[in-house]
Amino acid sequence: MARSVSGASRSLFDRLAPRLRMLSPSEDLFNVPILTPSLKSRKTAKVILPNGMKAYIISDPQTSMSGAALAVETGSWRDEKQYEGTAHFLEHMLFLGTEKYPKEYEYERYITDNNGNMNAYTSSDHSLYYFEVTPKALEGALDRFSEFFKRPLFNESCVEREMNAVDQEYRKNIESDGWRVLHVRKDLSDPQHPFSYFNTGNLETMKKIDPAVLKEWYAKYYSAEIMNLVVVGKEKLDVLVEWVSRYFDAVPSKASKELEVPVSIFRDDVKGNWVYIEPLKDLRELALTWEIPPELTDMDSKPASLLGHVLGHEGEHSLLALLKKLHLAEELSAGKSELGGRNNFFEISLSLTEHGLANRELVVELIFQAMQSIRDNGEYPKYLYDELNLVAETQYKFQQQSRGSATRYATLLRKEDLSTFPMKSLFVSKFSPGRIRDLLDTLVPETCVITVVALDKSSEGGFKSPKLDRKEQWMEARYALVPFSSEELHRWKPSQGNPEVRYPVPNPFIPDNLQLVNQPPSEVVASLEGEQRAAANSRPPVLLKDDPRGQLWCHTDDEFWVPELSYSFTIKTPSIRPDNAKSLVLADLYLRFVHERLNQISYPAHYAGLSYGVSVFRSVGIDVSISGYSQKADKLLAEVLDRVVAPGLTLREFEIFKESLSRDYKNAAKDPPVRQAFERVSQIMYKQYVPMAGLAHAIDNITFEDLTHFVGTLYNRHYIEGFVGGNVLPKSAHSAYDLLVAKLGGTSCLKEEVKLTEVVPLSVARPQLHRLQLDVKGNAIAWIADCGPKTVELVTGVELLGKLMKEPFYSELRTVQQTGYLVHSGTMVAGNQRMFVQTSVQSNSHNARDLLSRIELFLETFLRDLPKSEERFESLKASVLDRLLHPYDNLAAKNRHLARLSFEENANFDYVSERIRCLESYTLADLVSLAQAILGRDNRARAAVLTSGNDPENTAFSYEEVGAKL
């Protein structure tokens with residue numbers, strides 16, 4: 001456990017005692033220590049404010065980002081039927097001004113200008129708001145954030161405009177198959193249950209919700225005693241506690257009543273049915289769903305989590321292993337889905353093969369056989385329970401700093417009492433195999449709902465869907481309800497289980513030796529008590545190998561002191577080329593086999609905190625990586641390399657993977673318009689680039705013989721870029737590299753043979769305009785401006801420009817003009833070669849040419865006002881400097897950072913220092929000059945991709961070209 005408060009801090013707490021209650025050490029029942037040296041100085045406090053608000057406060061002098069998250073136990077299930085979408089609408093409105101800070105953009109600008117991020121979401125039974133900022137800005141952010149929950153404005157003009165934003169969000173979701181499945185479930189639920197309501201809302205429902213309705217709903221349900229606050233900062237604990245008291249004491253408490261809803265969500269006539277849903281993409285999904293009795297959802301024994309661990313296991317003798325052996329399924333997950341309140345589903349979800357979809361009744365039969373196997377195999381093994389807790393304890397003890405910690409803790413805190421927090425959230429505190437059996441006994445066919453999401457392909461000799469005679473109102477998804485037959489019910493009640501499905505064996509990858517290869521020197525230990533981590537990370541990595549076969553860099557960690565490491569090897573090969581669609585498809589197929597062969601090994605390893613990665617590297621090679629606890633990393637690396645060089649190709653699996661991959665490529669045509677627009681941007685920027693349509697075309701002609709030849713020759717010639725970092729010595733790095741070389745065989749190739757794709761400068765003759773007609777709803781624009789070749793000075797200026805532009809662009813085009821819900825601006829470095837400024841908007845109300853005009857007009861206004869931005873410029877400059885001084889938060893991020901410097905920056909380990917020196921001397925005049933050169937009309941090196949959708953409403957307000965009479 002982080003240190004509790006005592007000593008000098010106590011005096012302030014005593015002064016604050018009339019205003020808050022802090023849990024004493026005797027009341028705090030959580031006592032697991034944090035062993036990570038870099039968190040040695042972390043302290044926590046558990047506080048209850050006089051208004052009833054719970055707060056968990058973390059003081060971490062080493063943190064590079066501060067933040068807060070607040071969860072209020074009220075959500076969309078509080079909506080009244082005549083005002084559907086109120087909770088979600090209100091969440092939007094809280095960002096648009098308070099009495100103390102009335103400007104609509106005030107909060108967002110403060111957060112973004114301080115290198116931060118912020119967002120919120122509305123769930124069924126709670127709403128959560130969060131932000132992160134550079135540490136110096138925490139108090140100002142808390143001040144602005146707290147006003148959300150005290151005095152929001154709900155200005156009528158904002159209400160009218162924000163209705164359009166909610167409507168755009170709704171329209172964006174119409175073509176999401178996940179949202180369509182959710183709304184079909186709503187259609188099948190008890191109409192008296194708030195789950196059945198249209199919780200998102202759209203323009204039709206929003207028109208009924210005026211400021212008076214919002215104010216009444218807010219006053220009734222946003223109450224301090226049902227709020228849970230988490231704050232993370234680098235200030236001393238007493239300062240953070242004082243800030244929490246100062247800014248959140250005044251949040252009103254109204255003694256809100258607990259939400260009461262019907263116990264059951266599904267209607268009785270829905271249980272015991274197949275639900276066939278027509279997707280937009282080519283999917284083959286199957287899900288078995290049961291409602292969990294509330295008495296079987298307790299936090300102490302967690303029966304659904306333990307049962308899901310067994311049914312969702314992917315190792316040897318698992319249900320998924322059996323289904324894959326029979327070529328019925330590709331993926332499976334199992335566990336509890338929390339819907340809200342005491343309503344929970346237990347779900348087993350699968351991605352089926354074509355053979356599995358055709359034999360879905362058999363798939364279901366095997367699932368019920370697997371559940372019977374669990375019964376037949378006796379009591380739930382105690383070692384599985386112990387492993388779950390051991391893994392959770394290890395993760396907690398050796399945790400590191402990470403972004404989003406306040407949000408994660410706030411999500412957990414809402415379900416647990418402060419006195420035990422976070423014990424019950426992280427651990428299974430009570431082993432109760434009887435409750436697991438009780439849950440298992442409720443998972444019977446009669447109460448199950450089986451959902452099938454698949455396209456009818458009967459015209460091609462494939463799956464034939466029953467008549468889809470129902471249509472959901474809001475997403476317009478067509479579906480059918482078909483009762484289970486008596487024969488199916490009989491087959492799904494097996495008298496004995498399947499002998500191939502058993503409990504998982506003890507996990508061989510759980511570490512039992514977490515020693516460090518080096519111990520931190522005493523001066524480093526002492527520095528960890530201070531305001532910053534020791535600056536030992538200034539020592540660069542060591543080059544261990546540099547020969548025609550490749551390079552190997554190593555860095556033994558001297559900063560974080562945790563028992564973790566990272567092996568990262570990029571194997572560049574001329575067999576994969578960015579301009580050759582066939583080679584890219586073959587690489588994807590090859591990876592399917594590699595992952596399939598590793599699945600039963602990697603699942604327990606990942607669960608034990610040790611992960612692998614094998615992927616295509618920038619269309620010129622294969623990335624192989626291992627990361628996590630160091631003790632058994634070499635064991636996993638050897639297993640991975642065995643499958644990388646010999647993935648064991650079979651014709652039957654080739655046919656399955658080819659069909660599955662082909663669907664993935666073709667489904668890209670149903671991606672959101674803004675994503676498709678940026679794919680075209682990639683075609684514009686990169687000299688060698690194959691779009692998804694090109695891959696979809698190429699895969700049709702790929703044969704098993706092609707893949708066999710590809711795999712057999714893939715590593716004949718190659719060049720290796722290796723980085724090893726963390727709790728590892730150079731000797732082990734040498735061993736890992738030598739193992740890789742021995743496994744690969746082959747010979748070296750020249751670096752010039754495996755060059756990355758070239759980034760093409762945009763033409764300076766005139767701006768480019770590209771149009772796409774898409775078979776999806778909505779329009780979009782992706783706009784880019786070429787800034788030139790990457791240099792330290794250009795990176796510095798373009799980053800500042802992008803940050804200055806981000807908030808006003810969003811506020812103008814999203815908040816004020818309401819052009820769309822997805823509105824973004826930023827910068828990018830293409831291929832580590834050239835820099836670009838980019839903007840994008842996805843809209844269901846404006847055509848893309850209109851969006852282009854609005855973007856260009858915004859740029860003119862932005863350039864006009866930029867010279868007046870001295871104060872914002874200095875603030876942003878300080879925030880960027882702070883980020884450069886803290887380029888990573890944890891060991892994994894540090895390893896990625898050093899690997900990037902080793903290869904992408906050609907081992908220039910002074911790169912960050914060069915960036916800092918350039919930034920310190922950079923002036924607003926420099927930025928104004930750069931902005932004019934990039935965004936001004938004289939720079940014609942810019943391009944816009946305009947997409948038009950298939951919905952007539954998208955172009956309802958568009959000028960039509962007509963001929964003129966002479």
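The values are calculated or read from the model by the stated rules, or taken from the named source; none is laboratory data. Only a predicted model underlies this, so the values are computations on that prediction, with no experimental measurement involved. Every residue, glycine as well, gets a Cβ built from its backbone with ideal geometry; the counts of neighbours run over all protein chains shown. Protein only, heavy atoms only, side chains kept; ligands, DNA and RNA dropped before computing areas. Shrake-Rupley method; radii C 1.70, N 1.55, O 1.52, S 1.80 Å.
Can you tell me which residues in segment 322-347 are of a type in the set (A, V, I, L, M) and in contact with a helix residue (DSSP H, G or I) (Cβ under 6 Å, 6 or more places away or on another chain)? Matches in segment 322-347: 328, 329, 332, 334. Please determine whether any residue of segment 935-956 is assigned to a helix (DSSP H, G or I), of a type in the set (Ser, Thr, Tyr) and modelled with pLDDT of 95 or more. Within segment 935-956, not a single residue is assigned to a helix (DSSP H, G or I), of a type in the set (Ser, Thr, Tyr) and modelled with pLDDT of 95 or more. Please work out if residue 487 is buried (at least 17 other Cβ atoms within 10 Å of the Cβ), of a type in the set (Asp, Glu) and at pLDDT 95 or above. Spelling it out, it is not the case that residue 487 is buried (at least 17 other Cβ atoms within 10 Å of the Cβ), of a type in the set (Asp, Glu) and at pLDDT 95 or above.
Report whether or not residue 883 is in a helix (DSSP H, G or I) and open to solvent by 50 Å² or more (accessible area, probe 1.4 Å). Taking the combined requirement at face value, the residue satisfies it.
Within segment 589-602, restricting attention to residues that are open to solvent by 40 Å² or more (accessible area, probe 1.4 Å) and not basic (Lys, Arg), the residue that is farthest from residue 321 (Cα to Cα) is 595. Residue-level analysis places residue 101 outside the set of residues that are at pLDDT 95 or above, surrounded by 22 or more Cβ atoms within 10 Å (Cβ to Cβ) and in contact with a helix residue (DSSP H, G or I) (Cβ under 7 Å, 6 or more places away or on another chain).
Applying the set (1) farther than 22 Å from residue 137 by Cα; (2) of a type in the set (A, V, I, L, M); (3) open to solvent by less than 10 Å² (accessible area, probe 1.4 Å) to residue 928 leaves exactly one unmet item: (3).
When we screen 372, 395 for residues that are in contact with a Gly (Cβ under 7 Å, 6 or more places away or on another chain) and farther than 28 Å from residue 38 by Cα, the only hit is 372. Please verify whether segment 394-408 includes one or more residues that are over 22 Å from the mean Cα position of the chain (by Cα) and open to solvent by less than 20 Å² (accessible area, probe 1.4 Å). Yes; the residues of segment 394-408 include at least one that is over 22 Å from the mean Cα position of the chain (by Cα) and open to solvent by less than 20 Å² (accessible area, probe 1.4 Å). With (1) over 25 Å from residue 879 (Cα atoms); (2) touching a strand residue (DSSP E or B) at 6+ places or on another chain (Cβ under 6 Å) as the list, and residue 765 as the residue in question, which single condition is left unmet? Of (1) over 25 Å from residue 879 (Cα atoms); (2) touching a strand residue (DSSP E or B) at 6+ places or on another chain (Cβ under 6 Å), only one is false for residue 765: (2). Scanning segment 748-787 for residues that are touching a Lys or Arg at 6+ places or on another chain (Cβ under 6 Å) and among the basic types (Lys, Arg) yields one hit, 766.
Of all residue pairs spaced 6 or more apart or on separate chains, those with beta-carbon atoms under 6 Å, a first member in segment 814-837 that is under 15 Å from residue 848 (Cα atoms) and a second member that is open to solvent by 40 Å² or more (accessible area, probe 1.4 Å) are 818/161; 818/164; 821/172; 823/810. Restricting the first member to segment 636-656 and to residues that are closer than 18 Å to residue 585 by Cβ and in the same structural domain as residue 743 (by the TED database), and the second to residues that are open to solvent by less than 50 Å² (accessible area, probe 1.4 Å) and among the charged types (D, E, K, R), the beta-carbon pairs closer than 8 Å and six or more apart or on different chains are 647/596; 653/596; 656/330. If you go through segment 391-433 and keep only what is outside any helix (DSSP H, G or I), basic (Lys, Arg) and either in contact with a Cys (Cβ under 9 Å, 6 or more places away or on another chain) or within 26 Å of residue 62 (Cα to Cα) (or both), you end up with just 403. Consider segment 614-650 and keep the residues that are in a strand (DSSP E or B) and hydrophobic (A, V, I, L, M, F, W, C). The one that is surrounded by the fewest Cβ atoms within 10 Å (Cβ to Cβ) is 616.
Has segment 460-479 got any residue that is within 28 Å of residue 314 (Cβ to Cβ) and not assigned by the TED database to the domain that holds residue 564? Taking every residue of segment 460-479 in turn, at least one turns out to be within 28 Å of residue 314 (Cβ to Cβ) and not assigned by the TED database to the domain that holds residue 564. Those strands (runs of 3 or more DSSP E) of segment 768-861 in which 3 or more residues are crowded, with 19+ Cβ neighbours inside 10 Å occupy 779-789, 822-830, 834-843. If you go through segment 132-154 and keep only what is within 26 Å of the chain's Cα centre (by Cα) and open to solvent by 20 Å² or more (accessible area, probe 1.4 Å), you end up with just 132. Scanning segment 145-175 for residues that are without any contact (Cβ under 8 Å) to a residue 12 or more places away in the chain and of a type outside the set (D, E, K, R) gives a single hit, 157. Could we say that residue 295 is of a type in the set (Asp, Glu) and over 28 Å from residue 480 (Cα atoms) here? Yes. Within segment 244-287, being within 30 Å of residue 775 (Cα to Cα), touching a Leu at 6+ places or on another chain (Cβ under 6 Å) and open to solvent by 10 Å² or more (accessible area, probe 1.4 Å) holds for 278, 282, 284. Hey, any hits in segment 288-301 for a residue that's buried (at least 22 other Cβ atoms within 10 Å of the Cβ) and in contact with a Leu (Cβ under 6 Å, 6 or more places away or on another chain)? Checked segment 288-301: no residue is buried (at least 22 other Cβ atoms within 10 Å of the Cβ) and in contact with a Leu (Cβ under 6 Å, 6 or more places away or on another chain). The criterion of at least 1 residues that are under 30 Å from residue 67 (Cα atoms) and assigned by the TED database to the domain that holds residue 158 is met by the following helices (runs of 4 or more DSSP H) wholly inside segment 176-282: 211-221, 237-248.
Evaluate segment 341-358: report whether one residue or more is more than 30 Å from residue 116 (Cβ to Cβ), touching a Ser or Thr at 6+ places or on another chain (Cβ under 8 Å), modelled with pLDDT under 95 and open to solvent by 20 Å² or more (accessible area, probe 1.4 Å). Within segment 341-358, one or more residues are more than 30 Å from residue 116 (Cβ to Cβ), touching a Ser or Thr at 6+ places or on another chain (Cβ under 8 Å), modelled with pLDDT under 95 and open to solvent by 20 Å² or more (accessible area, probe 1.4 Å). Residue check: is residue 391 closer than 30 Å to residue 54 by Cβ, modelled with pLDDT of 95 or more and not aromatic (Phe, Trp, Tyr)? Judged against the criteria, residue 391 is a match. Looking at 13, 30, 89, just one residue is within 30 Å of residue 170 (Cα to Cα) and either open to solvent by less than 30 Å² (accessible area, probe 1.4 Å) or at pLDDT below 95 (or both), and that residue is 89.
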